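A short write-up of the structure that comes next.
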Amino acid sequence: MSRSVNRIVTIGLVALLPACASTRHAAVKDTTKTFKTVVVDAGHGGKDSGAYRRYGPPEKLVTLDVAERLNRNLRESELKTVMTRSSDVFIPLDERVNIENAQKNAVFVSIHFNDSRRRGIRGFETYYHSSASFDLANRIQEKLMSIPHSANGGVHTANFRVLRNATCPAVLVECGYLSNRNEGNLARDSEYRELLADRIAEAIVEQRYGAGAYHGSTQVAAQPPQPNTSTGSTELAPVGGHR
Ligand SMILES: [Zn+2]
């Protein structure tokens, strides 16, 4: 190759670089006012237990239960849903991303419970990555905060793969700390899990159709259950590989 041809090739490659760089981040389509489908993601599963305590169910089981309840509430509200898993199976993060991005007019909501070595820490947290996801994240956090005695862990950006690689608005909800005695006990209560699913569904339906559009879970209790403080230790094993 002559020097001049070589130079042209080099210039050509350099010119291509910005285009390549811009495709590294997924282009997010703002579907928050048009979506027809909600991709419901139950965190963890199978060999990945998520947070777990010596007593009580591991995170992977409570995320699945809340996700199934959320799925039911959304369907009752005439939204289509796709669940990334509906049983206790391991789904790699990239496969979850493929499932969320396969939907053309959707939003993505991932359900998790939180974990800390500091057992006093409690509260709801909602995470997002793209600016198109902020309204939905904020709305979910707001609706969760309407649950009496709840603590506000805030709305935050995060680089989690299911958020970062999403081509639709995507949020991840931490529905309280399993490591906290109060929230850990509440998470074991099916009526409380229904309440969580009800509030998240309300936020999603109102995001799409406006305030007052959600008619409520047919199964939600009038009053949230009081935390059961008579149960035993909620001590957690060392934290590892959460999310
Ligand atoms: Zn988790």
Tell me the accessible surface of PHE134 in square angstrom (1.4 angstrom probe, heavy atoms of protein chains only), to the nearest ten.
80 Å²
Could you order peptides 180-191, 145-156 by the average number of other Cβ atoms within 10 Å of their residues, highest first?
180-191, 145-156
Sort the following peptides by mean Cβ neighbour count (other Cβ atoms within 10 Å, averaged over residues), highest first: 165-173, 80-88, 41-49.
165-173, 41-49, 80-88
Debye sum, Cα scatterers, the stretch 37-209, no solvent: what log₁₀ I/I(0) at q = 0.13, 0.17, 0.18 1/Å?
-0.55, -1.00, -1.13
Solvent-accessible heavy-atom area per residue, rounded to whole Å², over the stretch 37-209 at 1.4 Å:
38 Å²
Can you give me the % of accessible surface on the stretch 37-209 that is carbon or sulfur? Probe 1.4 Å, all protein chains present, nothing else counted.
44 percent
Spelling it out for HIS156: with amide H atoms placed in the peptide plane at 1.01 Å from N, the residues 5 or more places away or on another chain with amide H under 5 Å from its amide H are THR126, TYR127, TYR128
Take the cross-link list LYS47/LYS143; LYS80/LYS143; LYS47/LYS104; LYS33/LYS60 and give me the ones stretching past 28 Å between alpha-carbons.
LYS47/LYS143; LYS47/LYS104; LYS33/LYS60
Among DSSP beta bridges lying fully in the stretch 37-209, give the percent that are antiparallel, nearest 5.
20 percent
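The values are calculated or read from the model by the stated rules, or taken from the named source; none is laboratory data. Just so you know, these numbers come straight off a predicted model, no measurement behind them. Note that each Cβ is placed from the backbone with ideal geometry, even for glycine, and that neighbours are counted across all protein chains shown. Only protein heavy atoms, including side chains, enter the accessible area calculation; ligands, DNA and RNA are left aside. Shrake-Rupley method; radii C 1.70, N 1.55, O 1.52, S 1.80 Å.
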